[in-house]
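First the structure, in the form of structure tokens, and then the observations on it.
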Amino acid sequence: MSKDAAIELLEQETVPDDLIRLVREIFKTDRFGRPVVTDGEILYNGYQLLKQMPHALEEEILYYRFYKDRKQRYEALIAPHMVDLKPQPFNMGSGPDSKYLYCGEEPLHPVRLSPYRISKIPVTEEMYHEYNASYEGSGSRFPVVNVTWYDAFMFAVWCDAELPTEAEWEYACRGGIYGPFFCAEEHLAAHAWFSENSKGSLHEIAQHAANPYGLYDMLGNVWEWCLDTYDSEFYHKSDVLNPVNLMVPGNKSCRGGSFHSFTDMCRPAFRHHEPASFYAYDLGFRVSKR
């Protein structure tokens, strides 16, 4: 069955028997626990559909297939790279007197976050290969790229983690420093691969200095998908406590800039967005856990 046909059937709630059979097929795993279907959009649509089905069916298909051993996967793949953050209140975004100010960055607004964990590195090809054995890239120590938001979301589900919200990402990126950068702008090259030092190429993870929270590559090298649906006006109406925009449909937020980006994009406050089905050779992700 083609991807378009599978998604069309997933959206037809009037044929439950066919849907159940399809979802069972979608969430099959191999003997290593890896999903047989690795197209994130198909998995995501099936995942959302299961949330509307009887709990027993959800349990049979997800908990005994896709979710099976995910806590062990988290401990093996993700936990060694996680950093615990106990956030202090901070001001998110950019103020009117900022040197750089782009659409969606205003107003500067207070945010409070509950404690969470976030990966000190982007998800690597080595990690992603445990989920999708057919993935091909530049090498195990490179960040995984050419993944859609759906791919990133379902990888996180598979290994008992989440995508960070924009607020979680920005707090982590700032590292407790609330200027435009977590380092002086002229020292950005010590922390990030971007247009001035990358030579137009993707680089292995953790080759530059970490930020004050011990997190690598928060800026530059690859854009990172966040959980939020992008809304340029969201800061005018967002909650103070644990803000996240889960409205659908809409483009998904991505943060941090890439090896192609200019200095003004490699800032904690800069907000970018792409369709959830978009993928590119400078777009990856990291994971968090609440």
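Residues that are in contact with a Pro (Cβ under 9 Å, 6 or more places away or on another chain) and among the basic types (Lys, Arg) were ranked within segment 274-290; the one that is least open to solvent (accessible area, probe 1.4 Å) is 286. Any residue at all in segment 175-191 that is at pLDDT 95 or above and either within 17 Å of residue 116 (Cβ to Cβ) or crowded, with 22+ Cβ neighbours inside 10 Å (or both)? Scanning segment 175-191 turns up no residue that is at pLDDT 95 or above and either within 17 Å of residue 116 (Cβ to Cβ) or crowded, with 22+ Cβ neighbours inside 10 Å (or both).
Go through 215, 219 for me and flag whichever is crowded, with 18+ Cβ neighbours inside 10 Å, part of a loop (DSSP other than H, G, I, E, B) and out of contact with any strand residue (DSSP E or B) (no Cβ under 7 Å at 6 or more places or on another chain).
Details: 215 fails: out of contact with any strand residue (DSSP E or B) (no Cβ under 7 Å at 6 or more places or on another chain).
Residue meeting the stated conditions: 219.
Every condition in (1) in contact with a Ser or Thr (Cβ under 8 Å, 6 or more places away or on another chain); (2) touching a residue at least 60 places away in the same chain (Cβ under 8 Å); (3) part of a strand (DSSP E or B) holds for residue 224 except the one numbered (1). Of all the residues in segment 228-262, those that are of a type in the set (Ser, Thr, Tyr) and either open to solvent by 10 Å² or more (accessible area, probe 1.4 Å) or over 19 Å from the mean Cα position of the chain (by Cα) (or both) number 4.
Could you tell me how many of the residues in segment 33-69 are hydroxyl-bearing (Ser, Thr, Tyr), part of a helix (DSSP H, G or I) and open to solvent by less than 50 Å² (accessible area, probe 1.4 Å)?
2
Select from segment 143-156 the residues that are open to solvent by 10 Å² or more (accessible area, probe 1.4 Å) and in a helix (DSSP H, G or I) and list them in ascending order. Selection gives 150, 151, 153. Go through segment 251-290 and give me each residue that's hydrophobic (A, V, I, L, M, F, W, C) and either in contact with a Lys or Arg (Cβ under 6 Å, 6 or more places away or on another chain) or farther than 13 Å from residue 220 by Cα (or both). Residues satisfying the conditions are 269, 276, 278, 280, 287.
For residue 30, are the conditions met, namely being charged (D, E, K, R), surrounded by 16 or more Cβ atoms within 10 Å (Cβ to Cβ) and under 23 Å from residue 148 (Cβ atoms)?
When the stated conditions are applied, residue 30 does not pass them.
Residues in segment 263-273 that are over 16 Å from the mean Cα position of the chain (by Cα) and open to solvent by less than 10 Å² (accessible area, probe 1.4 Å): 266, 267, 269.
The values are calculated or read from the model by the stated rules, or taken from the named source; none is laboratory data. Because the structure is predicted, anything quoted here is derived from the model rather than measured. Note that each Cβ is placed from the backbone with ideal geometry, even for glycine, and that neighbours are counted across all protein chains shown. To get the accessible areas, we keep the full protein, side chains included, count just its heavy atoms, and leave off ligands, DNA and RNA. Shrake-Rupley method; radii C 1.70, N 1.55, O 1.52, S 1.80 Å.
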